1. Give just the number: which of (1) of a type in the set (A, V, I, L, M); (2) assigned to a helix (DSSP H, G or I); (3) in contact (Cβ under 8 Å) with a residue 24 or more places away in the chain; (4) open to solvent by 20 Å² or more (accessible area, probe 1.4 Å) does residue 250 not satisfy?
2. Which condition from (1) within 19 Å of the chain's Cα centre (by Cα); (2) small (Gly, Ala, Ser); (3) at pLDDT 85 or above is the one that residue 104 breaks?
3. When you go through (1) surrounded by 15 or more Cβ atoms within 10 Å (Cβ to Cβ); (2) not in a strand (DSSP E or B) one by one for residue 74, which number turns out not to apply?
4. For the range 194-209, what are the residues that are modelled with pLDDT under 95 and farther than 15 Å from residue 140 by Cα?
5. Restricted to the range 152-177, and to residues that are farther than 20 Å from residue 218 by Cβ and among the hydroxyl-bearing types (Ser, Thr, Tyr), which residue is least open to solvent (accessible area, probe 1.4 Å)?
6. Looking at the range 134-144, can you tell me whether even one residue there is at pLDDT 95 or above and either more than 22 Å from residue 306 (Cβ to Cβ) or touching a Lys or Arg at 6+ places or on another chain (Cβ under 8 Å) (or both)?
7. With the requirement that a residue be surrounded by 10 or more Cβ atoms within 10 Å (Cβ to Cβ) and assigned to a loop (DSSP other than H, G, I, E, B), what does the range 97-120 give you?
8. Out of the range 206-230, which residues are farther than 16 Å from residue 276 by Cβ, free of Cβ contacts under 8 Å to residues at least 60 places away in the same chain and in a helix (DSSP H, G or I)?
Amino acid sequence: MKKLILIVIAMLNLCLYGQNFTLKLKFLPEQYGKSINKEAVFLNRLNQNQILSFEKSYPNAKNPELLKFYTLKGKGINKELIKELYALDLFETIVAEDSFEIAGCTNPLPPVNDTWIAQNWVNNYALELIEANCAWSISKGSSDIFIGIADTEFELTHDDLKHQITKISGPSSANHRHGTQVSGLAAAETNNNVGIAGIGYNSKIAAHRIPHTSSGSASAFDIRTAIWNLYLDTIPIVNVSWTGTGLDVAAAQEITQNGTVLVLAAGNKPTDTNHKEIANIPGVILVSSVDQNNEHGPSNHAHNQWVDLCLFSFLRITSGALISISRFKRLFLIITLR
């Protein structure tokens, strides 16, 4: 204990003397709540040293051990005060608390050269809001990482997707742009002087086509089959931009417990409660969105206790054209950070 005290005092003397300071103190187990007289002496001593506050570090904690921690804030400090605090025989430890800075991005990647991004023809604030260039400075994903997309038909010859969709399964049916749009958001080929930038950057797409009507509806059986087949193919992340999955709770648990994350659309309206039956399973991520001001709109975006993440809705990609999109359903930044 003496060695510990000397080390703490030396650190305080060097770092905190004459400055505002914060100490975290932990009461000895046998003293916590039982030393009224000593605590009175302690608090009186603190008042003489311009103490700003003395309060529990973890108020209302359920763990009794955390209730022993108190935080002391004050102006000015000296080693005599620390000696006196230890001399009260109330505290197991007295630790000077550091100041922390925002974990900002210090080395973002240069802007990508994708035509529609470079020319500012689309909503570039989407990339800025999610700080894509910072995320890409950590990782650009990998061609070994597959994003599973259980959706409608996929345009395999699209300039931004022809090298990205490297696995395709499920029966082909009437064309519907939704699968193509979601693929573009997930992993359109990036920094290739064409089109837009996909958030997954180098990640590839494992697409599973789901039979659907011309309006884009599909049966629970077909959606469930697509998800299950992607799971059996050991795809690590499966995106499901439907209002339901058709999965039983036990099936969703097996999928997530064996290494596949399910990213699900929380809904396009504030009152939507999509996927609430499986929303609390670890490994199931419900995603809603925000607008360019980082806010929920009054008539779109799901707002409920099951939503895990809110990101700005990015862009959609269609045959030979790119247009901005204000609807939701998108999360692929997580791929970049694997």
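1. Against the list (1) of a type in the set (A, V, I, L, M); (2) assigned to a helix (DSSP H, G or I); (3) in contact (Cβ under 8 Å) with a residue 24 or more places away in the chain; (4) open to solvent by 20 Å² or more (accessible area, probe 1.4 Å), residue 250 comes up short only on (3).
2. (3)
3. (2)
4. 194, 195, 196 - these are the residues of the range 194-209 that are modelled with pLDDT under 95 and farther than 15 Å from residue 140 by Cα.
5. 166
6. Kept after step one, since they are at pLDDT 95 or above, are these residues of the range 134-144: none.
The answer is no; no qualifying residue exists.
7. Listed by number, the residues that qualify are 97, 105, 108, 109, 111, 112, 113, 114.
8. 221, 222, 224, 225, 228
The values are calculated or read from the model by the stated rules, or taken from the named source; none is laboratory data. What you see is a predicted model; the values in this text were computed from it and never measured. Please note: Cβ atoms are built from the backbone with ideal geometry, for glycine as well, and neighbour counts cover all protein chains shown. Accessible surface is based on the protein model in full, side chains and every heavy atom, while ligands, DNA and RNA are left aside. Shrake-Rupley method; radii C 1.70, N 1.55, O 1.52, S 1.80 Å.
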